[in-house]
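The next block holds one structure in the form of C-alpha cells; read it before the comments.
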Amino acid sequence: MSGEKRNIRKEISEKLGQEPLRVNLARFAEEYPAARAAALENAGDVEALREAIKRMKIDTVERIEAVADAFEVEATKRGATVFRAADGQAVFDYLMDLCRARGVKRIVKSKSMATEEIDLTKYLRERGLNVCESDLGEWIIDLAGHRPSHMVLPAIHLSRYQVADYFSKELDKAIPPDIAFMIQAARQRLRGDFLNGDMGISGANFGIAENGAIGLITNEGNGRLVTTLPPIHVVVIGYEKLIPRITDAALILKLLPRGATAQLLTSYTTLIGGPTPVMVREGDRWVEKMREMHIILLDNGRLKAAKDKRFKEIYQCIRCASCLNVCPVYTLVGGHVYGGHTYAGGIGAILTAFLSGMADFEKFHELCIGCRRCVEVCPGKIDIPGLIEELRFRAVEAHGLPFIVKQLFDNVIVNRKVFHGLLRAASLGMKPFASGNLIRHLPLFFSGLAKDRSLPTIAATPLRDRLPELERRPEKPVGRAVFFSGCTMDFVLPDTGASVIKVLQDLGYEVFYPQGQSCCGKPVSALGDLETTRKLARKNIEALMAPDPDVIITACPTCVETLLEYGELLKEDSLWAAKAAEMSGKVREFTSFVSEEYGKRGRLTKRPGGPKVTYHDSCHLKRVLGVSEPPRRLIEAAGCELVEMKDADQCCGMSGIFGIKYAELSMPILEQKMNNIRDTGAEIVACACSGCMVQIQGGLDKQVPGVRMKHVADLLAEKIKD
C-alpha cells in the first residue's frame, strides 16, 4: 500500500456521507463504555490486571528470541512443525511448498489479522487455490471486496441491508435482511468448505512458550472447525503474541474479551497443544491419521520493533481493539480512513509504521486527536499518542519538514517579536469579519470553518499589554509566582489571563509576567520538529526563571504538560539540562495549585445560591495531568451549583490545529458536546483549558446561544472584591 496515493480529505467526506457506517459506529460508541464498565465490575482490581499484563509483556519483549526458542522447542516436542518467517514472502513460499507437497486444493481460514497484513488470501487465490474465509465478518467483507475496518469487528461499517445484498449475489437467491436468517444461510453455505477443506489456516491470540500451545478466543464455532476438520492445520502468529506461561494467558483472558466486546468471556476459548488424530478418506474408506500442525512465526518488522528502545511498547498490545472503540475520530469515519493497509486507529498507525512502512503511516497519522482515551482503556497501558508523536519526530529527522512550515518555524515561531507582531497584525485583519470577539461568518472556501461554530478573534489588546493595570504588589507576599499564559490566553483570551493574575494576587502572591515568554512549543513538537521545540524551550526557561520564582503557574494544561517535558527534552544539553530540570520542578497547573491554596485557607467550602454551572474536563488536564476534582471543588467554592454533564471528559474536538485542519471531523465531535451541555440546563459551561474554551465558546455561540463559557479562573475572580 506504500505506493498508493491517498486523498484523505476525499475519503473522510465519503465516509461521513455513508449512513450505515455513521449509524453503526455511533451506536457502538454510545453503548460500548457502559457495557465495558459493567463487564469489568467483577474482574477484580482492573488496574492491577493492566499493570500485570504490561509487566509481563515488557519482560517478554526483553527476551523475545529466548521466548520464541522455548515456544519452538515445546511445540516441536508435541508434534508441531515451527517455521520462522522473516516476511510475507517467506510465508507464501512455505505454504506453497506445503500445498504442492500435500496436494492441497481447498483451504478454509478463520480470522487472522496477521494473514490480512500480508494479503495471504489474495496470494493463494492468484495461484489457483480455493480459499474460503469462514469467520462471518471476514466472509462478509470478502464478498464485499473490502478490507477489515476493525480488528475485532471487521464488518462493523456495513448495515444488515448491505450484507443481505452481498449474500443474495453470492448465494444466487433472495436473502432477507433478517440477521438470524442470514447467519443460518452463511452456516449452510460454509459447512461444505469445512468438511472438504484440505488445509485449515488460523491465527492465534497467544502462543505459550511453557507448553508450545496456541490459544484462540472466538465467538464463532468456525475457529474450532478450521482447526479440527482439515488434515492440515497451519497457524500464522506474530512474535508479539508469544507469552511465557499459561498463567499469563489467564491475565489476557480476563481483559481481552471485556475490552473487545464487553463480554466476561467469549463463546469459545480454545487451547491447542500439538496435532490430534483426524479421519481422512482413502478411496472408499475412512482412515484415522495424525493431523499435521504447522506454526509460522511471522516477523515482518516485529523483531526490529522489539529492539527499538521506545517502540518495543507495541508488544503490550493484545489486539482487543478497545482503543478503537473509544476513539472519537475512529467512531466517525471507521478504519478504512483512519487506518493503514490492515490495522486501524492510533495503534494501527504505529503498527503500520513498522509492519508496512513509514510511507503508509504518514498518510493518516494526523487523524490522532491526542485525547488519550485509548491510553485510559488499553489493557497493556500503551502510550499510543506518545508513540505516534515519536514517529513524527523520526519522520522529520529523516526527511525534514515541508519548506513553508520550516520557514515559518525558523523565521516566525522562534522569533517572539516577529511572531507576536504578526498576531497583532492579524487582530486588525480580522476586524471586517468580527462581531464582538467572535467571527461568525467567513467568505468563500473558508465558510465551512465557521459553519457550526464561531471562531475567536485575536484580541485588540493582548494580555501582555495590560500588565500595568493588573499589577498589584502585596505588602507581605507569600511567594513569587510567574504566570506563563500561553499564546491563546495572551492573544485570544486576555480577560481570562487577567482573572488568573487576580486570583493569584488574592492568594497573596507577587505575580510576574515575563515579557520574554513565547509559545510553549507544543504546536511545533506536534508536527515532529524537536529542534525548534528545544529552541523555544531555552527561550522560555530563560524568561520564566529570571524573576527567581517560587512557582510557575499556567492555566493551559497543554502548556503545563509541555513545560514539564523541558527537563527530558534538554537532558542531553550540558548547558541547559540542569536549568530545564529546575524549571520543570516549579511548574504547576492553575486549578490544582489554587485548590491546594484554598484548602490551606479553609476556602473550599460550598457556597450555594449561585448560577448553575456544568464542567468540561479537558483531555490533557484529566488524562495527562490527572486533575479532575480540583476544578470542580473550585467551581463550588465560587458559589456555583455544579451540574455534571454526560461524558464530561469526552474530547471537544479542538486539539490545536486539528480543529481547524480537520474541521469536518472536529464539528461532529463538538456537536455531541453541545448536546450534552444543552441537556444539563446549565447557564454557564466552565473548563480549565484555554484551547477547549475557544472551541466550546464557538459551539455555544452557534448551537446553544445564551449559555456562557468561562474558565474556572473567571468564576473565582468574579467573587474577589477589588
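Details
- Residues in the stretch 199-229 reached by a label modelled at Ile246 [backbone nitrogen below 11 Å; 7 Å Cα→Cβ]: 210-213
- With the helix formula -39500 (n - 2.57) applied to DSSP H stretches of n ≥ 4, the chain reaches a computed 222 nm mean residue ellipticity of -14000 deg cm²/dmol.
- Cβ-derived FRET efficiency at R0 60 Å, Asn42 paired with Lys476, nearest 0.05: 0.60
- Projecting the Cα atoms of Phe393, Pro177, Val482 onto the dipole axis of the chain, where Lys and Arg carry +1 and Asp and Glu carry -1 at the beta carbon, places Val482 farthest toward the positive end.
- Taking the average, over residues, of other Cβ atoms within 10 Å as the packing measure, peptides 636-644, 336-344 rank 336-344, 636-644 from highest down.
- Amide H contacts of Gly639 (H built 1.01 Å from N, in plane; Pro and chain starts excluded): Arg607 sit under 5 Å, all sequence-distant by 5 or more or on other chains.
- Shown here for the stretch 449-534: GluC sites (Glu not before Pro) in loop regions (DSSP other than H, G, I, E, B) with at most 11 other Cβ atoms within 10 Å, namely Glu475.
- Set Lys54/Lys304; Lys5/Lys451; Lys109/Lys241; Lys363/Lys673; Lys431/Lys702 screened for pairs whose C-alpha atoms are more than 22 Å apart: Lys5/Lys451; Lys363/Lys673
- Each Lys and Arg contributes +1 and each Asp and Glu -1, all at the Cβ; summed about the Cα centre of the stretch 132-183, the dipole is approximately 160 debye.
- Dipole check for the stretch 595-718: with +1 at the C-beta of Lys and Arg, -1 at the C-beta of Asp and Glu, and the Cα centre as origin, the magnitude is about 240 Debye.
- Each of Arg63 and Met290 was given a label point 7 Å from its Cα along the Cα-to-Cβ line. The distance between the two points is 3.0 nm.
- Under 24 Å from Lys721, Cα to Cα: lysines that are on another chain or at least 8 residues apart: Lys476, Lys502, Lys600, Lys606, Lys612, Lys710
- Between the stretch 285-336 and the stretch 572-612, the alpha-carbon center distance in angstrom: 42
- Only Cα pairs under 8 Å and 6+ residues apart enter the sum, and on that basis the relative contact order of the stretch 595-718 stands at 28 percent.
- FRET E, pair Glu568, Asp172, Förster distance 51 Å, beta-carbon r, rounded to 0.05: 0.25
- Dipole magnitude (debye, nearest 20) for the stretch 8-298, charges at Cβ of Lys, Arg, Asp, Glu: 460
- Using 0.36 nm per residue and subtracting the Cα-Cα separation, the extra length available between Glu644 and Val418 on full extension is 77.1 nm.
- Theoretical FRET efficiency, 1/(1+(r/R0)^6), r = Cβ-Cβ of Asn7 and Arg607, R0 56 Å, to 0.05: 0.55
- Inter-probe distance in nm under a simple model that places probes 7 Å from Cα toward Cβ, at Lys431 and Val280: 8.8
- Normalised contact order of the stretch 8-298, rounded percent, pairs of Cα under 8 Å and 6 or more residues apart: 25
- Residue list for the stretch 655-683, given a label point 7 angstrom along the Cα-to-Cβ vector of Ala26 and an amide N cut-off under 19 Å: 663-680
- Positive dipole terminus of the chain, leading residue within Tyr166, Val329, Thr680 (C-beta point charges): Thr680
- Summarising the label geometry, the points placed 7 Å from Cα in the beta-carbon direction at Thr76 and Arg189 lie 4.3 nm from one another.
- Protection proxy ranking, peptides 455-466, 163-174, average beta carbon neighbours within 10 Å, highest first: 455-466, 163-174
- Comparing Cα centroids, the stretch 674-688 and the stretch 138-155 end up 39 angstrom apart.
- The peptide list 80-89, 670-679, put in order of mean Cβ contacts within 10 Å with the highest first, becomes 670-679, 80-89.
Read-outs: derived from the displayed coordinates by stated rules, not from any lab. Keep in mind that what you see is a predicted model, and the values were worked out from it rather than measured. FYI the Cβ positions are ideal-geometry reconstructions off the backbone, even for glycines, and counts take in every protein chain you see.
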